[in-house]
Structures are given as structure tokens and as C-alpha cells.
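The values are calculated or read from the model by the stated rules, or taken from the named source; none is laboratory data. Model, not experiment: these values are computed from the prediction. Backbone-built Cβ (ideal geometry, glycine too); neighbour counts: all protein chains shown. Surface areas here come from the heavy atoms of the whole protein model, side chains and all, with no ligands, DNA or RNA. Shrake-Rupley method; radii C 1.70, N 1.55, O 1.52, S 1.80 Å.
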Amino acid sequence: MTVDENIAQISNVLLYGSMSAYLFSFIAYAADLAEGGKEIKAREARRERAAAGGATATLEKPVTARRRRAAAVGTSLFAVAALLHLGSVVTRGVSVHRVPWGNMFEFALTGSLVVAVGYLVAVVRAHRAGLGGGRDARYLGTFVAGPVLATLGIALRSFYVDAAQLVPALDSYWLIIHVFVAILATALSTLGFSATVLQLVQEKRDRVRTGGGRPGGVFMDALPGSVELERTAFRLNAVAFVMWTFTLIAGAVWAQVAWNRYWNWDSKEVWTFVIWVVYAAYLHARATRGWDGRRAAWLSVLGFACMLFNYLVVNIFFPGLHSYAGV
């Protein structure tokens, strides 16, 4: 089938539109956090003055109307960005008459969309569960909009290829199954990594506070605590590990169909297995050895670092049977 260049161009326009919306969403979310930091500082100062004067500090509202407006604007812009992003992915697929994840650019395009949709689902669920006073997931918006925007920027700058048909080895129904599950696993691992980084930051702030100091980054007080973030990261990584296991098995079955061997010791196969081993070690240490906090977190970080190496280095610089990056 021929490529529909007009629809492919529409896909690019929608992508640029989504990146613009993600940028303004990131700015709005950052303003929300900054306002939250000022609010927390002011509240602490009032408590200290009240304590010094012998008075009892009064309870205050946790957020201000202005801060909630910034969060609402950020979420609205993020939703618009995700819709444009979805349109870009769909039109990219329509232009080439196939699923839009046949090279590194399309993988990044679809994977970042899954991250964005996952965040919006989390916001809706948190809103429904928190109507009685639960935590607002929009506090995490800055740490999702930023990485999604950066991923799209890097993909456009370094991985972009014109819409084209698949190479013969990829023209299989296994592409739909194997690669899409890998995209889901990568997206969940990315969210898990974000939660892990925030967990490590919160733990460091907790140590400073325990030592009698005053930790910086007051806006971080608006985010979940280190224990809650660690549990969130563990749940995300556990689901991602199941999907990565399926990816590894499905890849072996596809290899048998394509090359008459389940395992070829190709660089991509080896690093996929390395990632599986690291995350397996993380889950084992966390679930059965009682590891929590920083020790388990650093294993999670190592697993994500291996995943980035597999995507950014192995795909481009390691020749092999899986050299389909397209760059």
C-alpha cells in the first residue's frame, strides 16, 4: 500500500499542536506547585508565630482558590494535548495503513501517549476517590507533562522518520501483540520510575527533617510521602514486569516464526532479558526479602536505566537482527 502523505502531514501538525499544549500545561502545573510552596511556607510561618506567642494555631484550608485554578488550567490543557496526541498517533497509523509503532519514532509517539492517558486516568480516579478529602493526583502533573514533552521533543529531533511501510520482517500480526505490550510495559515503568525518583527525594527530605534541619523544596510537601510513593512505584513496576515477561515470551515465539529459532543471542534479546532480570530482582527483594525504601528504589532505578540503554543505545548502535530503529 502507498503512504498517504497528506494524512501523514496532518499527523505531524497534530503532534506539534499537542507539544504546544503540553508545554503550557507544564507551565500551569509548575505555577500550581510554586503557589503551593508559598502557601505552605506562609502557613508554617503563621504556626511558628502562634507557637511563639503562646496561642493555638488554627486549622487552615489546604489549598487556595488561585492554586486550584492553576491546577485546573493545567489539567484542561493536558487533556487537550492528549487528544491532539491521540489524533497524531491515529493519523500516523492511517497514513501507512498499519499500527503506528514500526520504528523508534513511532514507539516513542505511542508510548508517551500511553503515559499521558495513564496520568489522566489516575487524575479521574483520584478525584472520584477523594471527594471526601483525598489526595489530588494533579500534584504529579508537572512530573508527567515534562517527561512526555521531552520524549516527544527528542523523538522529533533525533528519531523522526517519514511515514513508510514496514520492512518485511516486521510485517506480521506479532508486531501488534509483541510491540504494543512492550509499549505498555515501558509506559508503566516510566511512571514507576517517576514515582521512585520522587520517593528518593522525599526520603532525603525526611532525613533532613529528622536531623532537626529544614528541608528545601517546600512544594514537595504537597506531594505524597515517601512510603506512599514507594508503594505506588512497586504496584506500577509489578504490573509492568508481568507485561515485560509477556513481551519476552512473545518475542521468542515471533523469533521462531521469523528466524526458526526461539533465541538467537541478539543484542536486543539479551538486553530485554537483562531488564527482566533486574526487575525480577527488584520485585523479589521488595516482596520476599523485606527490602523497602532506598535499597529497593535503587534497583528500580537500575531497571529503568537498563530500559533506556536498550532503547537509546542498543537500538541505534548495536547491529543485529532487531535493527529496525529507522534512524
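Quick look at the numbers
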| item | result |
| --- | --- |
| Residue count for the stretch 254-312, restricted to those that are in contact (Cβ under 8 Å) with a residue 60 or more places away in the chain and of a type in the set (Lys, Arg) | 1 |
| Residues being part of a helix (DSSP H, G or I), open to solvent by less than 20 Å² (accessible area, probe 1.4 Å) and small (Gly, Ala, Ser) - total across the stretch 259-312 | 5 |
| Only listed residue being part of a helix (DSSP H, G or I), of a type in the set (S, T, N, Q) and over 22 Å from residue 71 (Cβ atoms), chosen from 232, 245 | 245 |
| Filter result (surrounded by fewer than 15 Cβ atoms within 10 Å (Cβ to Cβ), of a type in the set (A, V, I, L, M, F, W, C) and in a helix (DSSP H, G or I)) within the stretch 155-184 | 169, 176 |
| Test: residue in the stretch 101-124 that is among the aliphatic types (A, V, I, L, M), outside any helix (DSSP H, G or I) and open to solvent by 30 Å² or more (accessible area, probe 1.4 Å) | no |
| Odd one out for residue 228, checked against (1) farther than 19 Å from residue 122 by Cβ; (2) at pLDDT below 90; (3) open to solvent by 70 Å² or more (accessible area, probe 1.4 Å) | (1) |
| Per-region count, the stretch 185-212, residues outside any helix (DSSP H, G or I) and either modelled with pLDDT of 90 or more or in contact with a Phe, Trp or Tyr (Cβ under 8 Å, 6 or more places away or on another chain) (or both) | 0 |
| Members of the stretch 231-258 that are open to solvent by 60 Å² or more (accessible area, probe 1.4 Å) and touching a Leu at 6+ places or on another chain (Cβ under 7 Å) | 239 |
